[in-house]
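The structure appears below as structure tokens.
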Amino acid sequence: MGPGFPFGEFDLNELWRMLQSPGPLNFEAARQTASTFATLDLETNQQRVEPAIDDATAAAFDQLVRAAQLMVAETTGLSETLTVPTRCVDRKTWATLTLDGLAPVLESLARALQPGASAQSPQTLESGEEQGLQAEAFFGMLMQTLLPLLLGGWSGWMIGQLAHQALGQYDLPLPLEGTPVQLFVVHNVDDFTAEWSLPRDELRYALALREVVHGAQRTVPWMRERLARLASAYVGAYEPRPDAFEEQLSGIDLNNPQSMESLSAVADAGALLSAMQSERQEPILADLQRFVSVLEGYTDVVVEGLGERMVTSHSRIDEALRRHRLERGDAASFVDRLLGLQLDRGHYEQGVAFCRGVIERSGFEHLNRLWSSEAMVPTKAEFEAPGLWLARIDLPES
């Protein structure tokens, strides 16, 4: 069953108030749903309050990040790395901040799925002319009302679920708006440490190192803009099919508001995604996957070089983090599919191979030229043959 909106958490007055929220995606519904799932105990299905993060833990993470930032700035040449702030957060805070960062891409998705405006307005219906309203026009109006709420519920569900898996802000290469920040979900990190029986301080440093490299990449304005642009273009190329939505919403009776509560049971977002994918998305997906593969490959080679020098248990910790990256559960898989970020082990290995190929031929300083401009993003042929990329970037400017 795909994600839905937990209408049972609200009374009907609250529900109808939320239906009036403007915009193609109901962010009020998204935030409430994200908070609900982020604070849900997945074993007991009961809400719970996470223990406060103590000052000593926050200070320890801050110290580890500072040390990692110095090393990463020197290695990457990205001095802005030193300005990226660090926060230790609970799941609810991570979910709220991540949802806000994804807002532009989610709105692009919502606009793509929004049906065309109906020829009849709600005021026309209230004036008694509903008898002449065409059935499909009526359904279009229904969709205009329900779709923003439905998309808000899906968005909140996926972010709330991810909050139980996330160790840091960049577990997934999400196209987040705004300047970068290192977020560490402390209780998830502690659970991961116990699950894998890892040395706590070494795991924290290894995680900080990986997050700092991702944060360093996101200090490059064109990098953030390209990631958001490609993701927005991908979700904007979904082609909504009325029959797919109609099947999901067929159980709703507007004469019986209680039937709205069944929406979460019938809304299978995974099935809808499959039904709405289009050929227009294919070249965008290829570009997006290649770009993210380069970013992740770069992160892996930097972490490998620095981690082996600083972390005694680096190999064991790095393997645990790689497994975590590839085995994040249904929520992460849904987000991957939704935004075009689905990478398998092969994509990660290709990214590493490209970066190592550049380093072996010309040194790390040439690999760091990736960040000088968007023109340095490798083409498909260059991604597969790093020598071609090196040959191109060394050509004199005309």
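Nothing in this text is a laboratory measurement; each read-out follows from the coordinates by a stated rule. Since the structure is predicted, the reported quantities are computational estimates derived from the model, not experimental observations. When we count neighbours, we look across all protein chains shown, and the Cβ atoms used for this are built from the backbone with ideal geometry, even at glycine.
Going by how many other Cβ atoms sit within 10 Å of their own, how do I359, I284 line up, fewest first?
With the fewest neighbours first, I359, I284 line up as I359, I284.
List the relative contact order of segment 343-398 as a percent without decimals, with contacts defined as Cα pairs under 8 Å and 6+ residues apart.
So the answer I get is 33 percent.
Quick check: residue separation of D344 and S274 times 0.36 nm, minus the Cα distance between them. What number comes out in nm?
Using 0.36 nm per residue and subtracting the Cα-Cα distance, I get 23.3 nm.
Only counting other Cβ atoms within 10 Å, I'd like S232, S333, S197 sorted with the fewest neighbours first.
Ascending Cβ contact count within 10 Å gives the list S197, S333, S232.
Measuring from label point to label point, each 7 Å out along Cα→Cβ, what is the T312 to D190 span in nm?
Distance between the two pseudo-spin positions: 2.4 nm.
Taking the Cβ-Cβ separation of A56 and R337 as r and a Förster radius of 41 Å, what is the calculated FRET efficiency to the nearest 0.05?
The formula returns an efficiency of 0.55 here.
Would you grab the residues whose amide H sits under 5 Å from the one on C88? Only those 5+ places off in sequence or on another chain, please, with H modelled 1.01 Å from N.
Close amide H contacts, sequence-distant or interchain: F184.
Sort T98, T44 by Cβ crowding within 10 Å, fewest neighbours at the top.
Going from least to most buried by this count: T44, T98.
Sort 208-214, 70-76, 321-327, 179-185 for me by packing, meaning the mean count of neighbouring Cβ atoms within 10 Å per residue, highest on top.
Descending packing order for the listed peptides: 208-214, 179-185, 70-76, 321-327.
Measure off 7 Å from each Cα along the Cα-to-Cβ vector at E225 and D394, then give the distance between these two points in nanometres to one decimal.
Once both label points are built, they end up 3.0 nm from each other.
How much length would be gained if the chain were fully extended between R361 and E327, taking 0.36 nm per residue of separation minus their Cα-Cα distance, in nm to one decimal?
8.9 nm
So, R0 is 30 Å and r is the distance between the beta-carbons of T179 and T44; what FRET efficiency does that work out to, to 0.05?
Efficiency for this residue pair is about 0.20.
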